[in-house]
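The numbers here are math on the coordinates, done by the rules we state, and not lab data. Remember, it's a predicted structure, so these values are computed and weren't measured experimentally. As a convention, Cβ positions derive from the backbone with ideal geometry for all residues, glycine included, and neighbour counts pool all protein chains shown.
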Amino acid sequence: MKHYLSIHDLPSIKDTVKEAIEIKKNPLKDQALGKNKTIGLLFFNNSLRTRLSTQKAALNLGMEPIVMNFGSEGWQLEFEDGTIMDQGKSEHVKEAAEVISQYCDIIAIRAFAGLEDKEKDEAEEVLSAFTKYATVPILNMESSVGHPLQALADAITIEEHKPAKKKLKVVLSWAPHPRALPHAVGNSFAEMALAHEDDFEVVITHPKGYELNPERTKGATIEYDQKKAFEGADFIYTKNWSSYNDYGKVANTDSSWMITADKMAVTDNAKFMHCLPVRRNVIVADEVIDSENSIVIKQANNRTYSAQVVLKKILEEMS
Amino acid sequence: MKHYLSIHDLPSIKDTVKEAIEIKKNPLKDQALGKNKTIGLLFFNNSLRTRLSTQKAALNLGMEPIVMNFGSEGWQLEFEDGTIMDQGKSEHVKEAAEVISQYCDIIAIRAFAGLEDKEKDEAEEVLSAFTKYATVPILNMESSVGHPLQALADAITIEEHKPAKKKLKVVLSWAPHPRALPHAVGNSFAEMALAHEDDFEVVITHPKGYELNPERTKGATIEYDQKKAFEGADFIYTKNWSSYNDYGKVANTDSSWMITADKMAVTDNAKFMHCLPVRRNVIVADEVIDSENSIVIKQANNRTYSAQVVLKKILEEMS
Amino acid sequence: MKHYLSIHDLPSIKDTVKEAIEIKKNPLKDQALGKNKTIGLLFFNNSLRTRLSTQKAALNLGMEPIVMNFGSEGWQLEFEDGTIMDQGKSEHVKEAAEVISQYCDIIAIRAFAGLEDKEKDEAEEVLSAFTKYATVPILNMESSVGHPLQALADAITIEEHKPAKKKLKVVLSWAPHPRALPHAVGNSFAEMALAHEDDFEVVITHPKGYELNPERTKGATIEYDQKKAFEGADFIYTKNWSSYNDYGKVANTDSSWMITADKMAVTDNAKFMHCLPVRRNVIVADEVIDSENSIVIKQANNRTYSAQVVLKKILEEMS
């Protein structure tokens, strides 16, 4: 594994989940692996969990994290080729990526979807350009269409909390939010869940018009009736996203889609998951997130181990 | 000592001061204590001394500091329970504090008073919420009502510079400032000084209407005549604060309250102290801050050792 | 060498270049030298290469970098003596520099020219004040009139790529840019090149009115005909700067000064250099920066080793 851009870059999701659970038991075991290696964490967008857990993971591996907030500490990059750069952008990503590759052994990037230009977002403008021009491994800390470190943490969390069943019902439920949010978490969770085809029945529920990119949800059951979707579920994974068809629009803030105890009652004692940050009493009622079945904090803890297992694999390939 | 929220959390201020002075002689002695431990420094407000000295103290103890500017690098937190979070706040402090506790072994927090809502400030909204929800020790890097790392550095500095006298006259003097400032430093200095009841005579001087919270100054002499307060003093500690009664207002910018050589002349060769940053020729005349009796730089140096002794105590309790 | 403020602080540029090239072969050799030492990187302006490469150099030497963005994380400093500080500035540089010297073993500073007050910029207000008041070595990470870490990286790069010739023709060429830029890089490159008087013929070319400070270019040939300047050149170093005489003004954005393949064709197979960030197709045509003769990426890589050799010299003098 050179880069970690999507969960499909893992040689095996299942084996990686097992390895992460082993790392969690003894997180400092591989401190020699990253010694004298730097990881540059480049933030084009704000971050809490990703910022802290990726640093923690790097430190556990003996690496030196160097953090840079690209917008406020640097300047705007040009991503188009051949332009006359006489406007607001001071540097082409080609130079930036090649140069940073000389200072950092791994480059981690967070760059959200702008939600204005579907084609540009789908093309992963920032992540793709860094992957193209950098000469070191790239780690996706949430790009315009994916958040594979989150999805891997989700897989670890499900593995740790799954009931003894032959096939789990895993439900991804849209929930309302006042602002337009990207599709990255929804996409990556769906891809991760669908990669467990032998073990998970994957159901996605949302209002009509909130279909994710169908290429990323192939194999999932789309169910517009949220309560029906919840019936017998083992895991309820909640997330808002803006419309994909009417790209980036907030067509619906229908509060009846909020996750409540009433809805959780029809599941098979399902665990409640969310990537956080979460808006209480908008996305999910206090009664659910504060219940025993809520595993959002444990899920966030696994962000350290998903980052660590991925960095470990990248470092192993480098050495 | 689990948390360090106020100077009263120290088992003994005097013993801690002695221990800090020992640490200062050999600051790298305890580097093994913090090995493989992270401290998250969360800044809700700007900082220079606290930012740098707390990192330095953590490094001296072998810890890994992880700094986050909450406002610009993260997002606004919700502190109220039960609200429908459909406005500007993206995450409840409950999740944030629990999550960060999984990445950081100690959480240090700077969150100033807003000076608009007295009750909220007195309740230490941010610090209290983190203390309530975090599962790791909390270090106060200046909260709405206290700055106990500063007060401990002040105690160390007084110990190092005190004349051989049975009882010291320690004066806390208000001085003018163009903007509304919090009460935290004044409060914590007063509390620290008043805890030395056998050794210090504590006098607080300010214009009428600038009384600090009387609960925090019980035992001190309030003297509205600044020059009278200075007579025979051994230490002059200066600080501006806005009105507490007419909460957060700047009722008085009377430049006659500035600390001048003329006023220092009536003291018993008193040392001049200030927590910095200080506005020259507003709070204090150049002639005083540049005099031999000014110990503000040495006082700032002790910020490293006050943070280090506190972190050492917290780490010792953890191990 | 106590401070590194200008390239003239080096005991010998040539020997330092040789030492840097040795360090590059084995960058971790001196890790013990910086152990338990902190370097404070204070940014008054944005930065990418300098921010990352100086941290990397410090880490290679075993130091702990502490980064602070002065504007957004701290507050405005007062640089004038004797002022009544009742306006926007919260702290005098005297206190700031003395205090930071107690937390950091070396202080590195980036503070660009404001380009409004020529006298103030020429006096290096920020850098000079820190040098005056700090009690530890100061490292210039680009000041109002110089960028000596860049110039040293440039010298290393020229040494590595020079053809076998008795005397090299080194050309510094102005190129157009939409915004007003400082003179620091041009100044320091000229000073470095002119210090190689036995080895370099130094030619500076720019439109009339774009003369740099003549004191810094004494010994160079000023040639207003760009193509004539390029004839037989071995190195073309390009950089924009605003007018020095009509201080800080952009009098000319004549795109005919852009570096093109056509112009490079009259050189003696010259290498193309630029400090980056560079605006493509404004400063330089894609065809040149993407050509085999472009060494801008290698030049940026040498930023690590120029910082490292300078820090090594400072550390050696301290120990």
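Restricting attention to the alpha-carbon atoms of the stretch C:66-149, what are Rg (one decimal) and Dmax (integer), both in Å?
For the stretch C:66-149, the Cα-based Rg and Dmax read 12.6, 37 Å.
Placing the label point 7 Å from Cα along the Cα-to-Cβ direction, what are the distances from B:Glu215 to the equivalent spots in the other copies, shortest first, in nm to one decimal?
The answer, with the shortest distance listed first, is 6.2, 6.2 nm.
Starting from the Cα of B:Thr135, step 7 Å along the direction of its Cβ; do the same at B:Asp198; then give the gap between the two resulting points in nm.
So the label points at B:Thr135 and B:Asp198 sit 4.2 nm apart.
Quick one: what do you get for the stretch C:1-154 if you divide its Cα Rg by 2.2 N^0.38 Å?
Compactness ratio reported: 1.07.
Roughly how large, in nm² to one decimal, is the mean projection of the convex hull of the alpha-carbon atoms in the stretch B:149-299?
The Cα convex hull of the stretch B:149-299, projected and averaged over all directions, gives 7.8 nm².
Below 8 Å, C-alpha to C-alpha, sequence gap of six or more: please give me the relative contact order for the stretch A:1-129 in percent.
Once normalised by length, the contact order is 25 percent.
Taking only the alpha-carbon atoms of the stretch B:230-313, what semi-axes of the equivalent ellipsoid follow from 5 times the gyration tensor eigenvalues under a square root, in whole Å, largest first?
24, 20, 12
Run through the other copies and list how far each one's label point is from that of A:Ala265, in nm with one decimal, shortest first; the point sits 7 Å from Cα along Cα-Cβ.
8.3, 8.3
On each of the three principal axes of the Cα atoms of the protein assembly as shown, give max minus min coordinate, whole Å, ordered largest first.
The principal-axis extents, from largest down, are 84, 81, 47 Å.
When A:Tyr133, C:Tyr305 are ordered from fewest to most other Cβ atoms inside 10 Å of their Cβ, what list results?
Ascending Cβ contact count within 10 Å gives the list A:Tyr133, C:Tyr305.
Place a +1 charge on the Cβ of each Lys and Arg in the protein assembly as shown and a -1 charge on the Cβ of each Asp and Glu, then give the dipole magnitude about the Cα centre in debye, rounded to the nearest 20.
Using only the charged Cβ atoms, the result is roughly 1780 debye.
Highest GNM mean-square fluctuation, chain A, Cα pairs closer than 10 Å: which of A:Asp86, A:Asp154, A:Asp117?
A:Asp86
Would you mind telling me the antiparallel percentage of the DSSP bridges in chain B, rounded to 5?
0
At what distance in angstrom do the alpha carbon centres of the stretch A:274-301 and the stretch C:1-21 lie from each other?
Centre-to-centre distance over Cα atoms comes out at 57 Å.
Could you work out the Rg to Rh ratio of chain A, with Rh taken as the Kirkwood radius (inverse of the mean 1/r over all Cα pairs)?
With Rg and the Kirkwood Rh in hand, the quotient comes to 0.97.
Between the stretch B:95-115 and the stretch A:125-168, what is the C-alpha centre distance in whole Å?
Cα centroid of the stretch B:95-115 versus Cα centroid of the stretch A:125-168: 26 Å apart.
Near the axis that takes chain A to chain C, which A residue has its beta carbon closest, and at how many Å?
Looking at chain A's Cβ atoms against the axis toward C, the nearest is A:Ser72, 4.
With springs only between Cα atoms under 10 Å apart, run a GNM on chain A and tell me which of A:Ser173, A:Ser243, A:Ser256 wobbles the most.
In this elastic network of chain A, the residue with the biggest mean-square fluctuation among A:Ser173, A:Ser243, A:Ser256 is A:Ser256.
Need one number: % antiparallel among DSSP beta bridges in the protein assembly as shown, to the nearest 5.
Here the antiparallel bridges make up roughly 0 percent for the protein assembly as shown.
Which lysines have a Cα lying under 21 Å from the Cα of B:Lys94, excluding residues fewer than 8 positions away in the same chain?
The reachable lysines, counting only those whose Cα sits under 21 Å from B:Lys94, are A:Lys56, A:Lys239, A:Lys271, A:Lys298, B:Lys2, B:Lys120, B:Lys132.
Compute the label-point distances linking A:Lys166 to its equivalents in the other copies; points lie 7 Å from Cα along Cα→Cβ; give nm, one decimal, shortest first.
Inter-copy label distances (nm, one decimal, shortest first): 9.1, 9.1.
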